[in-house]
Every structure is written in C-alpha cells, then in structure tokens.
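Heads up, the thing below is written out as structure tokens.
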Amino acid sequence: MKTAIVILNWNGRSLLEKFIPSVLKHSGGADIYVADNASTDDSVTYLNAAYPQVKIIRNKENGGFARGYNEALRHIDADIYCLLNSDVEVTPDWLAPALEIFRTREDIGIIQPKILDYHRKDTFEYAGAAGGFVDMLGYPFCRGRLFQTLEQDTGQYDDTCEIFWATGACMFIRSKVFHALDGFDEDYFAHQEEIDLCWRARNRGYRILYTGKSHIYHVGGATLSNMNPRKTFLNFRNSLFSLTKNAPAAHIFPLVFARLLLDGIAGIRFVFQLKFSHCLAVVKAHFSYYYNLKKMLKKRSRGNKTGHYYVIKSIVWAYYIANVRVYPRLVKD
C-alpha cells in the first residue's frame, strides 16, 4: 500500500527542524509531505534547503487544521494517509503495526497509535492518549486521559482494540475513506474535527482501531495551549457541532439541551476560578452554535449506523462527582 505521511505546518520552522529528522529516519517506504498553511516564516525555504526529499504542498491561506488538510490531500496520491502533527517525534517501526492492520482488515478505516508525552515519556499525552471515546452527551475523553488527569504508561494499554475516535495528532486513514467523507468539516477550523470525522466514518460502517504496538511522542499545545480561551471556544462549540451532526436523530434535542446546561455550569466554574475569558468563550461558543444550528442539521449523515455510541452516560458525573480518575475504573463502575 502506498503511504503518505502528511505534516501540516504554519510558521513552524523550529518544530520542523526538531522533529522532521525522526520522521525521515523511521519512515522508510513512505512518502513524506509538508502541507504549508501559508506560513510567513522561512519554513518552506528551510525545508527546500535542508530536506529536498520532503515534498511540499503550499496552501494559499491558513484555513486551520480542517481546510489545510482538505486542500493538501487533494494533491496526494496514496492508499493510506498518515496525518501527523509537526510537534511529534516518531519511533522505530512505528508505521508497521498500522499498515499491517490495514492490509488484513478491510473494515478498518482509521487507526491511532499510542500517544505519549514528549516531555514525560512514561506518561500519556492529552491529545489522544490510548484512544478516544465520547459519553452520551458528546464529551470526549481517552483511555489514559480523563479531563486533565494523565495516566503513566505501565503497559496497561499495549493492546489493539476498537475505539470511537482517533487523534488528529497522529491519524492513519484510508484515502478512500477520507475522500468518501469529503474530508474534515471546515466549519470547525481546528479542534475536535477528528472526532466528527471518525463519528461520520462509524456512521458509514467503518471501524476505528487503536494499536499499542506503535507509539509516538507528542509535544501538544504547540498551536493553542490548553489555557487559551480560543481553544475553549472551539472545543465547546465543535463538540456541540459533532453531537448535532452525528448522534441518533431521536435523541439530539434532549442531549443538546442537557449539554447546554452542563456547559453553563462549566462557565460558572470558570468564574469561580477567576478565568473570566474562558467563561466568555463558553458563552460565545453557544451563540456560534445557535447561529450555525440550521447548517449543522443539514449536514447530518443519512443512514446513521452508530446506535449505542457511548461508553458511559456522563464523564462529567464520573470525574467530578464520583471521583473517577482512570479509564479502567470508569468502565468497571
């Protein structure tokens, strides 16, 4: 299978300088692309001089993660795309486990490796950890990461198992699946568009796997830190978008109503934490959601096959009320 590793870049010369060497060293047999989102630094000049073997696609403007990948992947001929963040260090033989699964399992559309923290390499990283899930209200969480609580990697997730969503930090996806879904939803701009993509893939009958036989190290927060109100806005709004677009039709409005209430509580909590800009971001997220509601309803996929899509009813209740901090206890309880 022809494999293309595609790294999206925006003014990330320092990240490319640091992490491209590991990708080149450990990715034999794959074509390596950098999709540049109209950078204003010298990223492209640097790559052309230092790594002429890296293929460059230049997008005309910075359309964020979603549009950036959509535009770039139209120009790449491959069977498998590996969408890889620019702040990722890969490891020896990291490609082989995912590619072997694709070779033997036609029903598998998307795969994610183990995501560990670049700065604490024995700890799972926030963006993806050991595979993503959502609760009934569409709140995302991961094996190895519940909200801000990160587990140490002791081999507890060295398995291969089905998950609900794969992280955009390192996502393997069949090109035919990506294009059949019309790629990422560009209304998201950034954050949680990978959850929406995976949910839509599941609605089409494709399965999504995590494999602990492959691992990479992710810096995280290189685009927007967790403390950035813009990220709070995008996460709250985009999660509501995904729920509206993809949840079973009979349950959408009760679920969204419950979500809006809980989001309001989260906003009040930000006030008590003196994070006023984050509270305002939640309010703005809701108004943006109302403004785009009609459009999101029109985007609902036909023939929803998701059915029972969630692991638990409420991750918020489990984490904040029942004091559950690790995934094994979450599913056990």
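What tally of residues in segment 32-64 results from selecting those that are among the basic types (Lys, Arg) and in a strand (DSSP E or B)?
2
Residues checked against (1) of a type in the set (A, V, I, L, M); (2) in a helix (DSSP H, G or I); (3) buried (at least 19 other Cβ atoms within 10 Å of the Cβ):
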| site | (1), (2), (3) |
| --- | --- |
| Glu194 | no, yes, yes |
| Ser214 | no, no, yes |
| Leu240 | yes, yes, yes |
| Ala258 | yes, yes, no |
| Leu261 | yes, yes, no |
| Cys279 | no, yes, yes |
| Val283 | yes, yes, no |
| Lys294 | no, yes, no |
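Given the criterion touching a residue at least 60 places away in the same chain (Cβ under 8 Å), closer than 11 Å to Ile216 by Cβ and among the charged types (D, E, K, R), identify the matching residue among Asp87, Asp79.
Asp87
For the condition within 19 Å of Tyr157 (Cα to Cα) and either of a type in the set (A, V, I, L, M) or surrounded by 13 or more Cβ atoms within 10 Å (Cβ to Cβ) (or both), what is the one hit in Ile115, Ile80?
None of the others qualify; the one that does is Ile115.
Going by the structure shown, is Ile115 of a type outside the set (Asp, Glu), touching a Cys at 6+ places or on another chain (Cβ under 9 Å) and either on the phi < 0 side of the Ramachandran plot or not in a strand (DSSP E or B) (or both)?
So Ile115 passes the test.
Which members of segment 207-233 meet the condition of being modelled with pLDDT of 95 or more and either on the phi > 0 side of the Ramachandran plot or touching a strand residue (DSSP E or B) at 6+ places or on another chain (Cβ under 6 Å) (or both)?
Arg207, Ile208, Leu209, Tyr210, Thr211, Gly212, Ser214, His215, Ile216, Tyr217, His218
For every residue, the table says whether it meets (1) touching a Phe, Trp or Tyr at 6+ places or on another chain (Cβ under 6 Å); (2) farther than 20 Å from Val6 by Cβ; (3) surrounded by fewer than 14 Cβ atoms within 10 Å (Cβ to Cβ).
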residue	(1), (2), (3)
Ala98	yes, no, no
Gly109	yes, no, no
Ala130	yes, yes, no
Gln156	no, yes, no
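Residue-by-condition table, conditions (1) at pLDDT below 95; (2) under 25 Å from Ser301 (Cα atoms):
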position: Glu100; (1), (2): no, no
position: Ile115; (1), (2): no, no
position: Asp122; (1), (2): no, no
position: Ala129; (1), (2): no, no
position: Tyr139; (1), (2): yes, yes
position: Arg145; (1), (2): no, no
position: Gly155; (1), (2): no, no
position: Ala180; (1), (2): no, yes
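For residues that are assigned to a strand (DSSP E or B) and of a type in the set (S, T, N, Q), tally how many sit in segment 129-180.
Total satisfying the criteria: 3.
The values are calculated or read from the model by the stated rules, or taken from the named source; none is laboratory data. All of these numbers come straight from a predicted model, not from anything done at the bench. We place every Cβ from the backbone using ideal geometry, glycine too, and count neighbours over all the protein chains shown.
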